[in-house]
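Report on the following structure.
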Amino acid sequence: MDLLDERATKIRDALTQSRLDELLPHVRDQLPVPPNTAFTLLSLIFKQAATDGIDLLSPPDEFHAWLLQVARLNHRGPEAKPNTIRLRLSLLSNIYNQAIQARVLTHNPLDGIQRPPNERAGAPLITREQVAALHRVTRSDPALHAALVLIDEHAYRVRELLLLQWDDFDMGTGDALRPHTVTRLSDVALQALQALHRDAGGLFARGKVFPYKIERDLRAALHSACRKAGVPYAPPGDLRRASLRDHVHSTHSAGFSAQGGNTNLERATRLAQGVATALEREPS
């Protein structure tokens, strides 16, 4: 049996037996959160599935109704909040998608499930002083420091950072190629990037700018930096909204497209500043 077949067998058995501890080692690399967080979020669902005799590999017709009830459970205290329920469902859906890739399933059992409405939120809670503290404590980690500075100075999204290549930058002019525009980097952003550029070989730097393979790697590094700085964990999306809240951006500096960019930038800025009535959370 080759490794792919062995992984498929392990995923199949773990889902059938509701064994989250045996499942996570085979899906952890593609989850957007660390394995211990995934275990905490999903353990009650798997425990209840074992108790109720629910086969998570081939769930019954009433699976969606059952799951929405179970996803509200908490280890202690009141029912889980809507965003926690949404995250649990997203994690389980991610696992099912990996099972499809491994040819364990042909479709995702969560297709069509009615998720609870996204919680509305105001401006990001992280303060400008806390952002500055994060920048200070990450100076010894050029990659993380540069990533956080690019988020703060130019509202970079995580998916942009993970795809960045050194060929996207002109270190002489400070121009950075982005999906929808070209951004002229600020002096602060250039300085942070130049330190990473030197470590990558200077003029000979090629390939990916950042070492993070998946989003979870960047989030884990950020989580560690938040603890070191003594500030509450703020995900990359909140750091981006703090940038829109605190800095005066143009469509070019924040990476918005020329077509409709001004409107989208103004709306995003109002939301980040807590001026609008509701915030539709963007992907980080």
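The values are calculated or read from the model by the stated rules, or taken from the named source; none is laboratory data. The shown structure was predicted, so the numbers you read here are calculated from the model rather than taken from an experiment. For accessibility, only protein heavy atoms count, side chains too; no ligands or nucleic acids. Shrake-Rupley method; radii C 1.70, N 1.55, O 1.52, S 1.80 Å.
Find the accessible area per residue for the chain; the probe is 1.4 Å, ligands and nucleic acids are left out, and the unit is Å².
Per residue, the chain has 53 Å² of solvent-accessible surface.
May I ask for the angle, rounded to the nearest 10°, between helix 187-199 and the longest principal axis of the chain, with both axes built from Cα atoms and the value confined to 0 to 90°?
The angle comes out at about 70 degrees.
Let me have the 222 nm mean residue ellipticity of the chain computed from DSSP H runs of 4+ only, each contributing -39500 (n - 2.57), with the sum over all residues rounded to the nearest 500.
Result for the chain: -16500 deg cm²/dmol, rounded to the nearest 500.
In whole angstrom, note down how far apart the Cα centers of region 1-56 and region 158-207 are.
Region 1-56 and region 158-207 have Cα centres spaced 39 Å from each other.
What order do His135, His247, His252 take when sorted by accessible area (1.4 Å probe), most exposed first?
Ranking His135, His247, His252 by accessible area, largest first, yields His252, His247, His135.
Put Arg206, Arg241 in order of accessible area, largest first, 1.4 Å probe: what do you get?
Sorted descending by solvent-accessible area, the residues read Arg206, Arg241.
Give the angle, between 0 and 90 degrees and rounded to the nearest 10, that separates the Cα long axis of helix 261-272 from the longest principal axis of the Cα atoms of the chain.
70
Note the angle between two axes, namely the Cα long axis of helix 35-52 and the longest principal axis of the Cα atoms of the chain, as a number of degrees from 0 to 90, rounded to the nearest 10.
Approximately 20 degrees, to the nearest 10.
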